[in-house]
1. Please enumerate the residues belonging to the range 1-31 that are modelled with pLDDT of 80 or more and in contact with a Lys or Arg (Cβ under 7 Å, 6 or more places away or on another chain).
2. Just one of (1) open to solvent by 50 Å² or more (accessible area, probe 1.4 Å); (2) within 16 Å of ligand 2 (Cβ to nearest atom); (3) not acidic (D, E) trips up M391, so point out which.
3. With within 21 Å of S351 (Cα to Cα), over 24 Å from the mean Cα position of the chain (by Cα) and either surrounded by 20 or more Cβ atoms within 10 Å (Cβ to Cβ) or away from ligand 2 (no atom under 16 Å from the Cβ) (or both) as the only criterion, which of V495, V537, V542 stands out?
4. Here's a check for you: in the range 498-534, which residue that is more than 12 Å from ligand 3 (Cβ to nearest atom) and polar (S, T, N, Q) is surrounded by the fewest Cβ atoms within 10 Å (Cβ to Cβ)?
5. Every residue in the range 287-311 that is surrounded by fewer than 22 Cβ atoms within 10 Å (Cβ to Cβ), in a helix (DSSP H, G or I) and touching a strand residue (DSSP E or B) at 6+ places or on another chain (Cβ under 6 Å), please.
6. Tell me which residues, restricted to the range 150-190, are in a loop (DSSP other than H, G, I, E, B) and either open to solvent by 20 Å² or more (accessible area, probe 1.4 Å) or at pLDDT 80 or above (or both).
7. For the range 354-380, which positions are more than 16 Å from ligand 2 (Cβ to nearest atom) and open to solvent by 40 Å² or more (accessible area, probe 1.4 Å)?
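The values are calculated or read from the model by the stated rules, or taken from the named source; none is laboratory data. All of these numbers come straight from a predicted model, not from anything done at the bench. Quick reminder, even Gly has a Cβ in these numbers, built from the backbone with ideal geometry, and neighbours come from all protein chains shown. Protein only, heavy atoms only, side chains kept; ligands, DNA and RNA dropped before computing areas. Shrake-Rupley method; radii C 1.70, N 1.55, O 1.52, S 1.80 Å.
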Amino acid sequence: MTLAASPAQSPGSSPATKPDPAALEDVLSRVQLALDAAFVAIELEGISRSLLREAPGAHVLADLWRHGSRGLKEQVRATADGVVGTNRLRGERGGPVCGKLIAVALRDTGGAMVGILVAARTVEQPKLGSGESQAMIEFAHETARLSASPAPLGLLGWIAFRDLALQHESVAGGLSGCILYGDVDQLHVLNKLAGLAAGDQAIAAVGEALVNHPLPEGSGVCHISGDRFAVYLPKASLSQARRAAERLCQAVSDRCAVITGLRTRLSISFGVASVPPADPELTQALAAAEAACRAAKDRGRSRVEVYQDADLSIIRRNDDVLVAERLREALETQQFAIVAQPLIALSGESSAEYFELLVRLINDTGTFVSPAHFIPAAARYQMLVELDRAMITRVFKRLRSAHKEMPGRTIRFSVNLSGPSISNPDFLEWLSSNIGPSSVPGEWLQFEITETAAVADVSRTRTLIRHLRARGTEFALDDFGTGVSSLSYLRSFDVAMLKLDGSFTRDLLTDPRAESLVRGVAQLGRSMGIQTVAECVETEVVRQRLTELGIDRAQGFLFGMPVPLESILIPDPEPAIMAPQSAASP
Ligand code: C2E
Ligand code: CA
Ligand code: CA
């Protein structure tokens with residue numbers, strides 16, 4: 001497959017996009033750090049930012065920039081290499097030396113100067129040299145790319161995109177459309193492994209896959225900036241938009257690009273939100289879709305999440321700080337519930353019952369809020385360990401008493417563990433002290449860890465598994481197939497169960513590759529003595545196909561929505577939560 005032209009190869013193929021101010025600020029703070037500069041400034045495509053450090057004489061540098069930036073730009077423009085440097089910086093009209101400065105041109109892919117990057121030191125600081133010039137040139141190269149559009153023709157800039165959406169919204173007569181917010185997955189890894197130019201090529205290839213994918217009439221695709229894209233779908237319901245996003249994810253992952261000699265599988269995650277009435281700048285829609293996209297990315301690669309209005313009370317204005325605060329309060333006041341979902345045996349071989357336990361926050365109106373909406377905030381505010389502990393404490397407390405009432409029941413409760421819990425040095429000791437004869441029997445427990453969390457700290461994960469297996473507790477690799485290196489690590493971890501990510505189940509009947517992966521995992525599981533489970537099973541045909549392919553168990557709405565744990569902790573388990581007849585009796 002050929003690769004979309006990188007921006008360097010196709011100068012001027014489409015207009016430059018506005019750089020993201022946050023990205024500019026990020027560059028600035030890195031320049032300031034790298035050059036130990038008292039003052040740094042940037043101007044690109046009409047956006048300017050500067051940073052000033054509290055230091056004697058630093059404000060003089062800022063004043064000079066404020067009044068003399070135009071002259072400085074002309075000076076830079078007039079040089080052949082686009083670099084101006086001096087260790088004898090004076091004011092506009094001469095006067096005493098007041099600092100040191102390097103200014104470099106920011107150029108677009110066609111070589112035209114589109115901005116300037118400046119770093120200055122005060123009189124007291126050391127001189128600037130060629131090392132600093134070189135660093136500035138590299139920063140300038142990186143920065144100029146923030147406004148370059150690596151995208152193929154057909155991608156809209158933000159203004160055109162917004163206008164297109166608003167034009168449809170105004171004539172839609174109450175039937176609003178949806179926005180998809182897409183963010184290329186793991187671009188930083190590619191940037192690190194193969195360099196920034198490779199990252200650009202990947203963005204270009206993703207953009208091309210998105211614009212070339214057929215979408216309903218009136219739709220538009222926008223390259224927001226960097227690795228972020230938006231798609232507008234007129235008159236689309238959330239579920240239609242979700243399906244469109246899933247197809248776009250597929251279109252991107254189908255595009256296996258060769259980037260700087262490396263065969264690279266590209267992927268993107270999307271958040272979906274509807275466009276609310278009276279949102280003239282699309283800010284609410286975009287913020288909601290972005291929040292959903294973050295939730296999608298936190299759950300792995302090539303994911304789609306829909307922003308649910310029902311959760312507005314907890315995601316007030318998408319503000320993570322508020323969500324984290326609300327979560328902390330909920331954990332303290334026990335305003336959370338445990339729900340359970342069965343993992344049904346697909347063949348008659350196993351009689352053991354399995355349930356996955358999932359956390360739910362209880363919001364002000366008493367409704368349940370899915371963790372997909374607060375786990376991203378919990379992760380950002382380092383609350384996952386707290387969340388896991390609160391959940392495990394509650395689960396153990398309840399199971400301890402339940403075990404007394406039904407000691408002979410062959411049942412396993414599977415609890416999700418987050419990466420930070422696994423890496424937490426005290427976690428294993430805390431957990432072990434709570435499992436055992438006087439507490440919950442190890443045979444009643446299983447922990448689910450995602451591959452990404454497991455590989456983040458391989459030795460600690462192995463220690464955790466070894467210790468708990470000795471007590472009869474099992475481990476499952478969750479979201480299997482979405483991580484980076486599934487098979488190589490599988491041998492490192494002594495797991496009893498592989499939980500195939502829901503995306504494979506969803507694509508099973510339409511994508512031959514999903515089917516061959518599922519078949520392969522079923523065979524692998526059988527040969528290694530590991531149970532395989534398919535998540536998100538929603539239809540009878542999918543259940544049948546999974547059974548034919550040799551998957552051991554299935555979990556999903558077909559068999560039962562997650563229900564309060566309480567309803568299954570009754571001595572006679574029959575009536576409360578069981579699979580539909582056809583599925584329950586293998
Ligand atoms: P997961 O571990 O992959 O959990 C399965 C998710 O799929 C659950 O979402 C479940 O409600 C949903 N699901 C089940 N069947 C179906 C189906 O047929 N179709 C569809 N579309 N979805 C289905 P939930 O409960 O919102 O959990 C989301 C994620 O949050 C979980 O993904 C897990 O990663 C995390 N999580 C949930 N509870 C906990 C917890 O107690 N601690 C930690 N650390 N993470 C948790
Ligand atoms: Ca899970
Ligand atoms: Ca999962």
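1. Those that are modelled with pLDDT of 80 or more and in contact with a Lys or Arg (Cβ under 7 Å, 6 or more places away or on another chain): L24, E25, L28.
2. So the condition that M391 fails would be (1).
3. Of the residues listed, the single one that is within 21 Å of S351 (Cα to Cα), over 24 Å from the mean Cα position of the chain (by Cα) and either surrounded by 20 or more Cβ atoms within 10 Å (Cβ to Cβ) or away from ligand 2 (no atom under 16 Å from the Cβ) (or both) is V495.
4. S527
5. Result: E290, K297, D311.
6. Of everything in the range 150-190, those that are in a loop (DSSP other than H, G, I, E, B) and either open to solvent by 20 Å² or more (accessible area, probe 1.4 Å) or at pLDDT 80 or above (or both) turn out to be P152, L153, G154, L155, G157, G173, G174, L175, S176, G177, D185, Q186.
7. Within the range 354-380, I362, D364, T365, G366, T367, F368, R380 qualify.
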